[in-house]
1. Restricting to the stretch A:53-76, give me the number of residues that are more than 22 Å from residue A:261 (Cβ to Cβ) and either open to solvent by less than 10 Å² (accessible area, probe 1.4 Å) or in a strand (DSSP E or B) (or both).
2. Scan the stretch B:162-186 for residues that are more than 23 Å from residue A:197 (Cβ to Cβ), open to solvent by 10 Å² or more (accessible area, probe 1.4 Å), touching a strand residue (DSSP E or B) at 6+ places or on another chain (Cβ under 9 Å) and outside any strand (DSSP E or B) and jot them down.
3. Could you list, in sequence order, the residues of the stretch B:28-70 that are acidic (Asp, Glu) and under 22 Å from residue A:84 (Cβ atoms)?
4. Between residues in the stretch B:77-100 that are within 14 Å of residue B:182 (Cα to Cα) and residues that are open to solvent by less than 50 Å² (accessible area, probe 1.4 Å) and part of a helix (DSSP H, G or I), which pairs lie under 7 Å by C-beta distance while being six or more apart or on different chains?
5. Pick from B:143, B:139: which is in contact with a helix residue (DSSP H, G or I) (Cβ under 7 Å, 6 or more places away or on another chain), among the aliphatic types (A, V, I, L, M) and either free of Cβ contacts under 8 Å to residues at least 40 places away in the same chain or surrounded by fewer than 23 Cβ atoms within 10 Å (Cβ to Cβ) (or both)?
6. Take residue B:174 and decide whether it is closer than 24 Å to residue B:46 by Cβ, basic (Lys, Arg) and away from chain A (no Cβ under 14 Å).
7. Can you name every residue in the stretch A:22-39 that is closer than 17 Å to residue A:178 by Cα, part of a loop (DSSP other than H, G, I, E, B) and at pLDDT 95 or above?
Amino acid sequence: MTRVLHAILKAVLAALIVAPASGFAAEAPARIEAGSLSSVLPLTESADKVSIGEFMIARQPVTNKEFLAFADRNPEWRRDTVLPLFADQNYLAHWAGALILGDAMLPYQPVTNVSWFAARAYCEAEGGRLPTWHEWEYVAAADETGIDARTNPMWQQKILSWYSETGGKALPEVGVRAPNAWGVHDMHGLIWEWVDDFNALLVSSDNREQGGADKLLYCGAAAATMEEKENYAVLMRTAMLSSVHGRDTTRNLGFRCAYDIGGE
Amino acid sequence: MNRWHEICFVAIVSAMLVLVGAAQEESSAQLPRESYYQLDVSLETHRGAALQLSDLQGTPVVLAMFYASCPHVCPMTISAIRAIEAQLPPEDREELRVLLVTFDPERDTPAVLAELADRHGENNDRWQFARTAPEEVRVVAAVLGIQYRESPDGEFNHSSPILLLDATGRELSRSHKPGAPDAVFAQEVAAAAHAKSLLLSH
């Protein structure tokens, strides 16, 4: 009897030790059901909904600690060796050293100052990929209680007030705030995030007509076909992402990975 | 030629060959860090040949992205490059290479690309119409700073810069005017090609 109790106690203790001390430990990605979305960037002017297939997405953005381990395993992504083709001079500049976070950076803050190429390489190494814009937008449409909160003025207001406050302050840690209805944290209110097709966003959906240099530059003016114009909160994301290059890094731009179902 | 001269001759030629070989090896190992040729991507040309970006080093290259079924902008891009080339003296034109990479590798097979090359009268050794693996297109576009997206009808909407790279794959210039004459860009292409042909004739 004592032996059985002892075994149970041991098992409980082991479970306690293994269990994460907080929400920081990487949880399994959230499964996102297939659905459709009235995107701010529709595929064509006539198509009012974009279909989203089932996929999985990380519950939190990638952290400093996780990215440090990646840079350690993959020296070509250290800031002192990365090719300028794939990252600008500010790449990981907020860390104390190539493989040292330093006192100013916390392990569970989201990693920022990472380029699209680096973010993509990280997700590939994890057996995943970056989410597409439409996938990201679909997951980001949820609030704590429903999967599409976009017509809720409170939701919009909350996001917009975050935009107005960023800059200067230290980034909060990931996963601290309540998850949305998909169980995903920090889609808003923490950082900007790379998407796989960031360089597809400023391209208008219908623009084969020619006329004027501006039209030729992008085969048409993208702003003309942005839909859901009342959704400034999300449109600001597309404006930011369409203005950067793959090698660019910024203080507020990080990422999270997505995974194909059955692709692991 | 006596025996001694013969030995000297062979020794000198051998030494030269070794030096040339070393120089070539060095040039591929020492691409500038900002060279586009640092991107490790495999291409397949309109002649069905395998091509690495770094194979293009040694001469200036004019580079753009396109797709074969593109109705308006891409033919203009190709015409613009041909117009720039047409202004060059033949010996300078010989030193220029042109690489066109498709947004649409699924449909733009080597046969389709060869047909396009014929249609433009550029089925030759200097022009390469090429495709990558489908998953590489976005990476190539991102490296070159080109935006594109595929629409449901199979068209591609894209930005249309034409780039000029130096002999080591660094960007010298880019034109954002595929539909209009870009005199500055044309001059830069002419200068790069001429410099290369001068280098060879001296």
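The values are calculated or read from the model by the stated rules, or taken from the named source; none is laboratory data. Computed from a predicted model, the values in this text were never measured in an experiment. Don't worry about glycine lacking a Cβ; one is built from the backbone with ideal geometry, like all the others, and counts go over all protein chains shown. Accessible surface is based on the protein model in full, side chains and every heavy atom, while ligands, DNA and RNA are left aside. Shrake-Rupley method; radii C 1.70, N 1.55, O 1.52, S 1.80 Å.
1. Total meeting the criteria: 5.
2. Hits for the stretch B:162-186 are B:166, B:167, B:177, B:182, B:184, B:186.
3. Let us first name the residues in the stretch B:28-70 that are acidic (Asp, Glu), namely B:34, B:40, B:44, B:55.
Within the stretch B:28-70, B:34, B:40, B:55 qualify.
4. B:84/B:186; B:84/B:189; B:87/B:186; B:87/B:190
5. Details: B:139 fails: in contact with a helix residue (DSSP H, G or I) (Cβ under 7 Å, 6 or more places away or on another chain).
Sole residue among the options that is in contact with a helix residue (DSSP H, G or I) (Cβ under 7 Å, 6 or more places away or on another chain), among the aliphatic types (A, V, I, L, M) and either free of Cβ contacts under 8 Å to residues at least 40 places away in the same chain or surrounded by fewer than 23 Cβ atoms within 10 Å (Cβ to Cβ) (or both): B:143.
6. No; evaluated as a whole, the condition is false for this residue.
7. Matches in the stretch A:22-39: A:29 only.
Residue-by-condition table, conditions (1) surrounded by fewer than 20 Cβ atoms within 10 Å (Cβ to Cβ); (2) in contact with a helix residue (DSSP H, G or I) (Cβ under 6 Å, 6 or more places away or on another chain); (3) within 14 Å of another protein chain (Cβ to nearest Cβ):
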{"residue": "B:111", "(1), (2), (3)": "yes, no, no"}
{"residue": "B:115", "(1), (2), (3)": "yes, no, no"}
{"residue": "B:152", "(1), (2), (3)": "yes, no, yes"}
{"residue": "B:160", "(1), (2), (3)": "no, yes, yes"}
